[in-house]
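Report on the following structure.
The values are calculated or read from the model by the stated rules, or taken from the named source; none is laboratory data. Not measured: the values here are computed from a predicted model. Here the Cβ is made from the backbone with ideal geometry for all residues, glycine too, and neighbour counts use every protein chain on show.
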Amino acid sequence: MTAETSKIGPTVIMHHLEYTTLYDVPFIYILVKCSEEENMKRATTTERVGKKLTDLDKLREIRESMEAFAFGKQRKENMVQLELDITAMEATEAAEKIRELASEWYGPLG
């Protein structure tokens, strides 16, 4: 992973944030975290084959060479940044928790 490819995520996020400011809509950034052990375990499930990353060497490389983007001082009025550790959650539970977090900030979601 190069420094250039690790800049792609923040660039895309900032692009989305520009649109939320332009159209005066809220921006909810939820940083989803998972322990390395659980991440490796999930990466090897049969449901992921052909859909998501299953190469454990690549996954380790990504985890070691990249940090998740956090806004810090770049935050805007129309945004909120939250963190969610999904290590002990199933996918549907994590999705429901994300929905709950977003609803707490911006009201019920459709």
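Return the pair list, or none, for Cβ contacts closer than 6 Å from residues in region 83-97 that are free of Cβ contacts under 8 Å to residues at least 60 places away in the same chain to residues that are in a loop (DSSP other than H, G, I, E, B), at least 6 apart or on different chains.
From residues that are free of Cβ contacts under 8 Å to residues at least 60 places away in the same chain, the pairs are I86/C34; T87/C34; T87/S35.
If you take just the helices (runs of 4 or more DSSP H) that sit entirely in region 1-59, which of them hold at least 2 residues that are over 19 Å from E83 (Cβ atoms) and modelled with pLDDT of 90 or more?
36-43
Of everything in region 91-110, what is exposed (fewer than 11 other Cβ atoms within 10 Å of the Cβ) and under 14 Å from the mean Cα position of the chain (by Cα)? Give them in sequence order.
A91
Identify the residue in region 60-82 that is outside any loop (DSSP other than H, G, I, E, B) and within 18 Å of L22 (Cα to Cα) and, among all such residues, is modelled with the lowest pLDDT. Show your work before the answer.
Step one: filter region 60-82 for residues outside any loop (DSSP other than H, G, I, E, B), giving 60-65, 72-74, 79-82.
Add one more test, that the residue is within 18 Å of L22 (Cα to Cα), and what stays is 74, 79-80.
On the way: Q74: 57, M79: 77, V80: 80.
Result: Q74.
Just for region 83-110: of the residues that are touching a strand residue (DSSP E or B) at 6+ places or on another chain (Cβ under 9 Å) and hydroxyl-bearing (S, T, Y), which one is modelled with the highest pLDDT?
Ranking the qualifying residues of region 83-110, first place goes to T87.
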